[in-house]
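Read-outs: derived from the displayed coordinates by stated rules, not from any lab. This one's a predicted model, so the numbers in the text were calculated from it and none came from an experiment. Ideal geometry is used to build each Cβ from the backbone, glycine not excepted, and the neighbour counts take in all protein chains shown.
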Amino acid sequence: STTDRSDGDQKRGVCDTLALIMSAKNPRVSVVLERPLSEMLYDLARRDRTSVSLTARDLLRHALETYEDGALSQLAEERDSTFDHSRALPHCKVWHSAGKPKTR
């Protein structure tokens, strides 16, 4: 529930729930799905002869990897737009100096 605590701390909610869920060996997540999405998930699990939870996990993993790829691509584009070739070091200087031990 989202009731205020008497000691003035934050409201109960996601953090409290995650603390309980994260104590398991493999954390669990409870998700409410619309009927068409639920039916698609069950159909995929049946087709692949796997459990619904494994199917959901694999789909979520794929979605998060795709999301991460997009974020990294955006970061690369931002860096590329500010890259100055005149200030860049050549490959041989970067890797040649990386192999030498630092002297004091």
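What the table shows:
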| item | result |
| --- | --- |
| Counting all C-alpha pairs of the range 32-85, share separated by more than 12 Å (%) | 72 |
| Full-extension gain in nm, Ser30 to Ser73, via 0.36 nm per residue minus C-alpha separation | 12.4 nm |
| Label-reachable residues, the range 61-97, where backbone N falls under 13 Å from a point 7 Å from Leu44's Cα toward its Cβ | 61-66 |
